[in-house]
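To start, the structure under review is shown below, and the notes come after it.
The values are calculated or read from the model by the stated rules, or taken from the named source; none is laboratory data. For clarity, every value in this text was computed on a predicted model and none was experimentally measured. Virtual Cβ from ideal backbone geometry, glycine too; neighbours counted across all protein chains shown. We work out accessible area using only protein heavy atoms, side chains counted, and drop any ligands, DNA or RNA first. Shrake-Rupley method; radii C 1.70, N 1.55, O 1.52, S 1.80 Å.
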Amino acid sequence: MKLGFGLYRHQLGRDSYRFARQCGATHLVVHLVDYANACGQGAGGGNQPVGSELGWGAAGDPHDPIWSAESLAKLRSEVEAEGLTLWAIENFDPSMWCDVLLGGPRKEEQIELLANVIRGVGEAGIPVFGYNFSIAGVCGREERPVGRGGATTVVVDGANDTPLPRGVVWNMRCDAGASDETRGAATHDQLWERLAWFLERLVPVAEEAGVRLAAHPDDPPMPTLRGTPRLVYQPSMYQRLLDLVPSRSNALEYCLGTLAEMTEGDLEAWTDHYSKQDHLAYVHFRNVRGKVPRYEETFIDEGDVDMLAVLRILKKNGYDGPLVPDHTPLMTCDDPWRAGMAYAMGYINALLRAVEDESA
Ligand SMILES: [Mn+2]
């Protein structure tokens, strides 16, 4: 297994690559959607924003050249120059696929755009693309100073049923078909049909490009949120997604934290189930306390998940991809996000060492 690190777009650059390498990372997962600048949290570190009821601000330009094969190849060579492997790009900009999520009139045009991005990712030699097939996206979270030692951490305290504002998809304001405010209010069956349509078109493109599409579960994992249906909100629903289009290119961005927030089943048993099938493209390796509708994100060494037990299962089943810290509580100092991340990285690195030294 490998130690990976996630970076947001506003953090990209030599210092961040060096920070990741210094923490022991060999692999990077990069977000190219500019969440932080959209909501005015520009420079510096920081977790994914929690945003307001209005989301994180305006979506990006769907034709932003940052998504071109040339730009992706340049990113890869910059990352490699600092001794790291670019393992995955995480998430499409909502402006690129809002009508795919909403079943809107521009979905054909948008799926072509997504196909071109995936071809470019393959051309650039990046093996994985993570996505989250969700209308409301990561939302309904708050930051509160309730973590260990008063650390600021992400809390979910009850379901947020405030309807999404007109045009907001995946937390960002989009222009396309999202202007019909009723479109977010689909049924679960409709959402699964849209996912099937997306996978049937995109998985063959990904296969040809040598890329694995990797699905993140719904965070927070509730059946509905902000008046919209959610897709993967119980661990068993991942299997339904995999069975829609069986392929090595139809894989999982396996988020342990989100899975632990779900109410059904045993996390270790499900981890065994999915890693045995070789469906994990990478793992978000983080811990939480509680389950929906109430939980909080914790430091990696506390919380409900036995991280060591999970690692042993991954090892037993031959998982060989990266573990990425995903989110962490913020630590009280001049650089709360980096301190939290460095703490998580050291902990994961030590666990990896311990498990790799164990005989099978
Ligand atoms: Mn995650």
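Some observations on this one:
- Rounded if a/c under 1.5, otherwise prolate or oblate - the chain, Cα gyration tensor axes: rounded
- Thr187 versus Asp61: modelled label distance in nm, points set 7 Å from Cα along the beta carbon direction: 4.1
- When only Cα pairs below 8 angstrom with a gap of at least 6 residues are kept, the chain shows a relative contact order of 18 percent.
- Leading residue at positive end of dipole, the range 78-204 (Cβ point charges), from Trp170, Tyr131, Phe198: Trp170
- Neighbour net charge for Pro220 - beta-carbon separation under 12 angstrom, K R +1, D E -1: -2
- With contacts taken as Cα pairs under 8 Å at a separation of at least 6 residues, the range 1-149 carries a relative contact order of 24 percent.
- Three-way shape call for the range 25-160 based on the alpha-carbon gyration tensor, with the a/c threshold at 1.5: oblate
- Fully extending the segment from Glu82 to Gln277 would add 66.9 nm, taking 0.36 nm per residue of separation and subtracting the current Cα-Cα distance.
- Antiparallel beta bridges, as assigned by DSSP with both residues in the chain, represent about 40 percent of the total such bridges.
- Heavy-atom accessible surface of the chain, averaged per residue, reaches 38 Å², computed with a 1.4 Å probe.
- Shape of the range 109-242, Cα gyration tensor, a/c cut at 1.5: prolate
- Dipole magnitude for the range 1-143: computed about the Cα centre from +1 point charges on Lys and Arg Cβ and -1 point charges on Asp and Glu Cβ, it is near 460 debye.
- Lysine pair number, Cα distance threshold 30 Å (strictly under), the chain, separation 8 or more or different chains: 11
- Counted by Cβ distance under 9 Å from Ala69, the other residues give a net charge of -1, where Lys and Arg count +1 and Asp and Glu count -1.
- Using the Cβ-Cβ distance between Ala69 and Asp266 with R0 set to 41 Å, the FRET efficiency works out to roughly 0.45.
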